[in-house]
């Protein structure tokens, strides 16, 4: 009997502490030491932390001041994105030896659809192990992997046995796996959403599964439907080799906090110009402009406006960003401003691709 949703053999490969591991690989003196990639200044932010640093609570996006407070022996290393991109490309070359259905999420992680693959290997578990070994041999770096019937479960599974491990969730194990999973482990459930779920008595997948779709949509809007389906193992999104962006943006962190709107408008002019260049390079336009404001106390505020027409022009982007800036009074001095454009003219194309009929496979097939 076949289910009414597509089952695939999906691998999610996630490099272990990628940026930090590259730095330890290239500089043997850093091996085994707590390091953070990022700036060490008062306004610096951790881009990545080694596992040695994570033991002290150092995490990405944490301020450098707090990271140093948590781990006094922490060593800061300047980011080298050209190097990370170089190694990332080597890793992707390995992926393509197995399948053309590769969807990179970032420099250090990607989905692979190996339902049918170039090696003719029916076991996604064995392919994942082989891919991880090939990455180690080629780059000297460790990777973890999750293997299951769809992207959602594969991504969740890749975190289970980190670092340098993998987890397979077979079709017949999916429901039990999700029911016992802490709600914080569900991909798409952030800290704020998790706290809201706790207040509603939702602590595990089993708790979430008890809630009706009407209840979840009432409490979480469109995301409610997503939660309702994924906890039942339903996630129809295919691996997209040419991933279409949901939004395009540009932002700047300032060396000194800005308290004057005049200075903010000057910065927004530059940011809008950068965004225009990115949009035109990709031949993309959008309708929804979002202004991102991060205050000096790290509080984040976003304001959006959807226009009745597509735009990609700097003047129109800046005009809308100004309107959003003046929409409400600023709460504090500002350390970061950003502008992004969503509701893109690429979304119709992506939806068409998602609607293509997917190959269904039997519920019990070899992983």
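The values are calculated or read from the model by the stated rules, or taken from the named source; none is laboratory data. Since the structure is predicted, the reported quantities are computational estimates derived from the model, not experimental observations. When we count neighbours, we look across all protein chains shown, and the Cβ atoms used for this are built from the backbone with ideal geometry, even at glycine.
Values for this structure:
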read-out	value
Among the residues listed as 87, 94, the single one being buried (at least 16 other Cβ atoms within 10 Å of the Cβ), without any contact (Cβ under 8 Å) to a residue 60 or more places away in the chain, outside the structural domain of residue 66 (by TED's automatic domain parsing) and more than 18 Å from residue 7 (Cα to Cα)	94
Qualifying position, being at negative phi and surrounded by 22 or more Cβ atoms within 10 Å (Cβ to Cβ), among 65, 46	46
Filtered residue count, the stretch 56-84, keeping only those that are touching a residue at least 24 places away in the same chain (Cβ under 8 Å) and part of a loop (DSSP other than H, G, I, E, B)	7
Residues (buried (at least 16 other Cβ atoms within 10 Å of the Cβ) and not in a helix (DSSP H, G or I)) located in the stretch 188-204	189, 202, 204
